[in-house]
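Structure record follows, encoded as structure tokens.
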Amino acid sequence: MSRARGAVRAARECLAQGRAMTTTASTPWTTARRSTSTTAARASMGASMGARVVGAREGFGAIGLGFGAIGLGFAATAARGTEARAEAPATSAADAALGGQRVTLYQYDVCPFCNKVKAFLDYHRVPYDVVEVNPLTKGELGWVEDGYKKVPIVTVGDEKLNDSKHIIAELTKRFDASGSSAKTAGWFGKKTRAYAEKEEAWCKWVDERFVHVLTPNIYRTWAEAVKSFDYITKRGNFGFFERESARWVGAASMYVIAHRVLKKRHGIEDERAALYTECDKFVKEAVGSHKFCGGDAPNNADLSVFGVLRAVKTFETFKDVMENTTIAPWYERMKVAVGPATRTDGIEN
């Protein structure tokens, strides 16, 4: 009984990112060891992407659907990070803005906050390695020295960034400084104050409202909760016991949290109706008569909403949203704008 309570208690740790979204300061950088992928893999992907340059464009872009660590007394697996390899040539202007350094994302595959970051990196054509983290042991994060082990975590070279909001903000700052980020149609291609305020407001809405409305839909029934953890059987270098433990314990914990915590905390009675309302709200108020919230090109708000929805594209929830709201045309435009995944393992997001 105490073990079960401990599991749910630990699972609730993943709520911290959403609850502290408006007050949390950026976590300091720390030295990080990197996971291995071959230079050939990145070079091959770079060739397939060609010399596409993001350049100036007119627009710009809790609890996860994933889960927190569940303390069940499993021995932590050895960290799978190794020393960084020689850097491959930059494959885009945004990649060049990072000095061509190796970028690695530590994630849960269906975590909405992780998928925000993936959409951002894909859009900017930045190659990145992906390390699937075991949600029970978090052994892949054994190299972390600052104690922060909530995904997503991104490393750029030997530097570490925490929290999707701050990851995207920091990388945007670097891309803006280099001239490689998406821009508005304002004077000299710079973002206007009104544009920046709108983008910030809708990014905040994604973190504080949209994600929390979507989550109870994923765990609406026991069957849907279990399906949401199917990825653990296909992704990551986990043993059979690790996979099955994460799948069943994770599904049970998140099913309970979605029904007993999230719906009450966020005033949700009918989860599907609430989700439909929020999707239509984004299309009507954020996108309006434009192609995207960012105007003629996506901004970070567009990328965040797209990433969150793309995380559940194989779920019943996604199908229902596309059929019962006005968001489908915008989503199709976003698929074209973001393009194929730039992760180095060749897996589509």
For residue 130, list long-range residues whose amide hydrogen, built 1.01 Å from N in the peptide plane, is under 5 Å from its own amide hydrogen. 105, 344, 345
The simple spin-label model distance between residue 269 and residue 223, using points 7 Å out along Cα→Cβ, in nm, is 2.7 nm
On a full-extension model of 0.36 nm per residue, what is the gain between residue 204 and residue 244, subtracting their alpha-carbon distance, rounded to one decimal in nm? 10.9 nm
How large is the convex hull of the C-alpha atoms of the stretch 202-349 per residue, in Å³? 112 Å³
Neighbourhood charge, 12 Å Cβ-Cβ cut-off, centred on residue 197 and excluding it, Lys, Arg +1 and Asp, Glu -1: +2
Using square roots of five times the C-alpha gyration tensor eigenvalues, list the equivalent-ellipsoid semi-axes of the stretch 92-338 in whole Å, biggest first. 29, 25, 14
Assign unit charges at the C-beta atoms only (+1 for Lys and Arg, -1 for Asp and Glu), then state the dipole size of the stretch 92-338 relative to its Cα centre in Debye, rounded to the nearest 20. 240 debye
Can you return the lysines within cross-link range of residue 198? Criterion is Cα-Cα under 16 Å, with same-chain partners fewer than 8 residues away left out. 165, 183, 190, 281, 284, 291
Segments 280-288, 214-222 sorted - mean Cβ within 10 Å per residue, highest first: 214-222, 280-288
Could you pull out every one of the aspartates and glutamates with an alpha carbon less than 12 Å from that of residue 227, ignoring same-chain neighbours closer than 8 positions? 316
Area accessible to solvent at residue 92, 1.4 Å probe radius, in Å²: 10 Å²
In range of the label at residue 332: residues from the stretch 266-282 whose backbone nitrogen is under 18 Å from the point 7 Å along Cα→Cβ: 280
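The values are calculated or read from the model by the stated rules, or taken from the named source; none is laboratory data. Everything quoted here is computed from the prediction, not taken from an experiment. Glycine gets a Cβ as well: all are built from the backbone with ideal geometry, and neighbour counts include every protein chain shown. We work out accessible area using only protein heavy atoms, side chains counted, and drop any ligands, DNA or RNA first. Shrake-Rupley method; radii C 1.70, N 1.55, O 1.52, S 1.80 Å.
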